[in-house]
Amino acid sequence: MVELEKICFPPPDNYDLRTLQNFVSLNGAGLLRWYPDSPAGAGAPPPLVAFHLFDCFTAELITLDVHPDWRRQGIGSALLSRSLAKLRSLGHATVTCQIAVDNAASLALHAKFGFTPVGKIIGYYGSGRDAIHLAARL
Ligand SMILES: CC(C)(COP(=O)(O)OP(=O)(O)OC[C@H]1O[C@@H](n2cnc3c(N)ncnc32)[C@H](O)[C@@H]1OP(=O)(O)O)[C@@H](O)C(=O)NCCC(=O)NCCS
């Protein structure tokens, strides 16, 4: 997960090992991982293709990572769909997330799932780098 996070969010924007450990250790952490159907080779561990981290208590999406070689194949949608279904089944009525203003791919993906902007967080990713706060009904 740490390696994939570095590929998806080049440093310094990536969550480091300690931060990811903290997220997955949270009581109520939601984690979905995606592995390829066919094994990499005898004895080799399957490569992690994608993962989605979310908080089942606050209904907040934390991070969604799909390896560049596997994008535009519906994996991000499949993970998001399953995460939203889980949060719905837990009784949440609304889900939220933050996405960088210039992350067109993620904004388009989340828009497809009904996320709409509800605010802007100035400097969320550091000075001059803002995020859009989005919410969707479940
Ligand atoms: C954003 C991300 C998770 C999308 O994953 P994905 O598996 O490629 O997404 P999907 O194949 O399910 O795409 C679903 C829809 O999202 C939109 N989308 C995805 N990538 C896009 C791109 N590069 N440009 C524009 N729209 C895009 C499209 O509407 C797409 O539907 P289509 O393929 O029918 O046109 C992936 O690009 C990624 O990991 N990016 C780097 C990390 C990141 O930004 N994560 C999100 C943090 S909030």
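The values are calculated or read from the model by the stated rules, or taken from the named source; none is laboratory data. Fair warning: this is a prediction, and the values are worked out from it, not measured in the lab. Counting neighbours? That spans all protein chains shown, and the Cβs are built from the backbone with ideal geometry, glycine included. For accessibility, only protein heavy atoms count, side chains too; no ligands or nucleic acids. Shrake-Rupley method; radii C 1.70, N 1.55, O 1.52, S 1.80 Å.
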| Under 15 Å, Cβ to Cβ, from G76 - net charge with Lys/Arg +1 and Asp/Glu -1 | +2
| field | trypsin sites (Lys or Arg not before Pro) restricted to the stretch 58-96 and DSSP loop, no more than 14 other C-beta within 10 Å | value | R71, R72
| note | Phi-derived 3J(HN,Hα) across the stretch 79-88 with the Karplus relation (6.51, -1.76, 1.60, θ = phi - 60°), rounded Hz, x for Gly and Pro, is 5, 4, 4, 5, 5, 5, 5, 5, 5, 4
| field | Portion, in percent, of the accessible area of the chain that falls on carbon or sulfur, probe 1.4 Å | value | 54
| request: Name all residues of the stretch 95-114 having a backbone nitrogen under 15 Å from the label point set 7 Å from the Cα of T19 along its Cα→Cβ direction, giving them as ranges. | output: 98-100
| query | Hey, what's the chain come to in accessible area per residue, 1.4 Å probe, Å²? | reply | 59
| message | Testing the spin-label approximation: label points 7 Å from Cα along Cα→Cβ at F57 and V101. State their distance in nm. | response | 3.2
| remark: Under 5 Å from the placed amide H of G30, counting only residues 5+ away or on other chains, we find F54, D55, C56
| query | So between F113 and S81, what do we pick up on full extension, going 0.36 nm a residue minus the alpha carbon distance? | reply | 10.7 nm
| field | All lysines inside 23 Å of K120 as judged from Cα atoms, apart from same-chain residues fewer than 8 positions distant | value | K112
